[in-house]
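Report on the following structure.
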Amino acid sequence: MTHRLRPLIIAAALLACANAGASGGGSWDSYVTRSGPDIALGRYQSGELGVLMPTYERMYLYTAWRSVLLGADEMKAAPNPQGGLLRAIGSRNGGWVDAGDGKKVYAAWQAAISTALKQAPVAPKDDDSMANGYLTCPLGSYTFATATLNDLARRSDATPARLNAWITTQRQVFKFCGDDAEAQRNRYDGVKRVIPAPVELPATEALYWRQMQQYQLASAAFYGENYALSGSLFAKIGATDKHPLRQWGEYLNLRSQARAAVFVPGPNADQTMWQERLDARREGPAAAAVRLAAAQKKLAVIQASADHILANPELSSLHEASRAIVRSMQVRLTPTLRFAELSKQLDDPRANPYLDDHLGDWRVLANDLLQPPVAEQADTRPALRGAAGFIDWMQTIQACQEYQAKRSCAVERTHAIDQWNRYAKQGNKAQARVWMLAALLLSDTLTPELEKAAQQAPVSAPEYLTLRYALVRHYRLSKQADKARTLGDAILSGPTLAANRSISARNQFLQERFAVASSPADAANYLLRTESHDLDPDTGELAKASEEPGATPAAARVDVAADGIRWLNSGLSTADLSALAANPKLPKALRARIAVAAWMRADLLGLDEAALGATQQIEQNAPLLTPVMQKYRKLAGTPEHRYWMLVNALKYGLSPMYNGYAGELAVRAPDDTLADMWCKVPAKAGDSYGENTDAEHTLPMPDLGNGAARDKELAQLSTLKTATGYIGDQILQRASAVPNDPELPWLLFVTVQSTRGGCLDADSKTLSKNAFTLLHKRYKNNEWARKTPFFY
């Protein structure tokens, strides 16, 4: 009986034996996605661009170039297969390994073994990395092995001995690609181990079972990087009449040939390959010609094998995969030639960029060929740039981020404007549109001609929101605040931005509108932002709240971004903060935090009436603090007010500075409480206070409210110590003035613990020792003294 094995599973089993490496970057902007759109890729591919940014990766810039060049109407008629951009990109998750998938396929493999051998399942150990999903072998190899074993177990001639022999061989195959259940190791360990080849079944064994093992033997050779052997074994399978896996023989031989053509032996293969690419870009014409001839010879052999498969209608299910191998080898073996071919094809916006993965292959090559040169490399990018209009446009708008070779931002600005004027004079409206967009994105001044052209873009144009955003930016830079406010409000309240459903784009308009606010009350309308990173990495839409069918998107967090945090901390007077805390448009939790900041600042500044007034606002917005505020009003005199405020600031984590989180207030655990509520207060308006200004690229802070009062207050507050130093000094004074205060043992404990790290003053060591000494001298049998064995 012959079983039909799952073709895609078998193909996936040998597609790769490489690890997916995790990647990381620098600071993350929670509100604006700067490397690519937060729009679902299907919509972005169809021309819904949102606000295009010069920092986008090349794939997204190409898609934008094509959309703008074609325009809304032509985009609808142009070839644009659904899912094309996602397939070209491959994944939006940054290459992170999902151990959950590995855990599932490995569990299925183990379950298949237990079922086939009629053994009770054995629960894996907690430290079993393979059972936890950290696999080195491709997941497809496990899926294929599981499916094959299940099929074999159902055969009438299956015996425990035969099944056990097949399982033993398969486990040996897994060892070749790095997974050994008996000797697990770090999956990133580059040391190559010597693995003995599987023992071949004797000639006396039934033919079918020997043929099934032949595939395993060939796979072991493939994973063992013996591609000559794996190719010959797979070729033999393909040439054997009625072999159960015959249809795969030629294809897997082709894969072996391809792998052999680019194989670099040794433990430092990646480094060696990088060095070879570096050397290739340094070599002279003669050496380059020799290398190209050798590469083309290898490519011809691979092409011939693929042609043989393509000529066989019985292998039609493998035709596309075979063509894909040839394309990948064109990329690997003749990158410069292939890049030129692909660039020419992609430069026609009416052609299908997703045909045969043209755009995906171009991306792989561009990641190398369009990178800035290093060492003695010749800079080949100007020639590549001049060969295709979309590359010229792409490199132009990336001028200040990436492309620096003998060109500057000023040069690129001029180039963009020249190109725009050139095409406008020629009557080439499509090219004029795309270069006008580049000119507007790069220009530091807005000419009347550029402004008029941008204003004439129809709402349906893919670049509409980007042009409107650029105009708002230019109006702000040219001190035309009224025009910036009018245009910003029109977009924020209009249907185009709402239909675009880009959180990032909305936040960009909010940021610009906040920067030109006319008053604190006006600024409050644009203070809050929705975080944009809780998105499905593949679709770009908000991630679902659960995996259940019909689940709605998870609620995104709304909070204050870096520009708002800086404004709250160094942009407003105490009176302005109190007025802001009364603004009903702000969430209650945020109003409470702002009111607390106003209360504490007023107390620290000796503004008694303002402090008492702020307590009323706090009660309205944070009922939890009602008893604290009521007692504060009943206390007499500044010392008692100040002490009561500081003790409760410790207990509830209250601060005169906004810390970037507008969550609900709560009591802190006594053992975990620290005097960590503020560092040094900014000395002047606009000074940073730890907000994420680098990642968020904040705009200049709006200068609103009573600036004179603000400046005077900041100058006074900035002379205070950090919370650790200030509160510690106050506690030691309290210990001298009111030695019977029952809170003192705990407060001294908090003082010592707070000096371990964080924001400290120059005399923190002295403070720590003094608090420690007093605690152990006066309260040596107290529980807080026992919890304080050291000072810092």
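The values are calculated or read from the model by the stated rules, or taken from the named source; none is laboratory data. Because the structure is a prediction, the values reported are computed rather than measured. With ideal geometry, Cβ positions are generated from the backbone for all residues, glycine too; neighbour counts draw on all protein chains shown.
Structural remarks
- Residues that are within 23 Å of Thr719 (Cα to Cα) and assigned to a loop (DSSP other than H, G, I, E, B) within region 748-792 comprise Thr755, Arg756, Gly757, Gly758, Cys759, Leu760, Asp761, Ala762, Asp763, listed in sequence order.
- Residues located in region 118-164, provided they are without any contact (Cβ under 8 Å) to a residue 60 or more places away in the chain, in contact with a Phe, Trp or Tyr (Cβ under 8 Å, 6 or more places away or on another chain) and surrounded by 11 or more Cβ atoms within 10 Å (Cβ to Cβ): Met130, Ala131, Gly133, Leu135, Tyr142, Thr146, Leu149, Arg162
- Within region 472-482, the residues that satisfy the criterion of being in contact (Cβ under 8 Å) with a residue 12 or more places away in the chain and assigned to a helix (DSSP H, G or I) are Val472, Arg473, His474, Tyr475, Arg476, Leu477, Ala481.
- All positions within region 758-786 that are among the small types (Gly, Ala, Ser) and modelled with pLDDT under 95: Gly758
- Any hit, region 565-572, residues being in a loop (DSSP other than H, G, I, E, B) and either at pLDDT below 85 or not hydrophobic (A, V, I, L, M, F, W, C) (or both): yes
- Qualifying residue in region 354-364 (condition: among the hydrophobic types (A, V, I, L, M, F, W, C), crowded, with 17+ Cβ neighbours inside 10 Å and at pLDDT below 95): yes
- Of all positions in region 716-724, at least one carries a residue that is closer than 30 Å to Asn525 by Cβ and in a helix (DSSP H, G or I).
- Test for Ala147: is it in a helix (DSSP H, G or I), hydrophobic (A, V, I, L, M, F, W, C) and not assigned by TED's automatic domain parsing to the domain that holds Leu342: yes
- Note on region 165-197: among residues that are surrounded by 19 or more Cβ atoms within 10 Å (Cβ to Cβ) and of a type in the set (Phe, Trp, Tyr), the one that is modelled with the highest pLDDT is Trp166.
- The single residue among Pro745, Pro682 that is more than 30 Å from Phe790 (Cα to Cα), buried (at least 18 other Cβ atoms within 10 Å of the Cβ) and modelled with pLDDT of 95 or more turns out to be Pro682.
- Qualifying residue in region 705-724 (condition: touching a Ser or Thr at 6+ places or on another chain (Cβ under 6 Å) and surrounded by fewer than 17 Cβ atoms within 10 Å (Cβ to Cβ)): yes
- Annotation note: Cβ proximity below 7 Å between a residue of region 53-75 that is under 16 Å from Leu440 (Cβ atoms) and at pLDDT below 95 and a residue that is part of a helix (DSSP H, G or I) and among the charged types (D, E, K, R) (sequence gap 6+ or interchain) occurs for no pair.
- Listed by first and then second residue, the pairs linking a residue in region 279-298 that is outside the structural domain of Leu369 (by TED's automatic domain parsing) to a residue that is at pLDDT 80 or above and assigned to a helix (DSSP H, G or I), with Cβ atoms under 7 Å apart and 6 or more places separating them unless they lie on different chains, are Ala280/Arg291; Ala295/Leu333; Lys298/Ala261; Lys298/Leu333.
- For region 730-744, the set of residues classified as charged (D, E, K, R) and either closer than 11 Å to Asn770 by Cβ or in a helix (DSSP H, G or I) (or both) consists of Arg734 only.
- Annotation note: of Arg210, Arg259, Arg255, the sole residue that is modelled with pLDDT of 95 or more, of a type in the set (D, E, K, R) and crowded, with 21+ Cβ neighbours inside 10 Å is Arg255.
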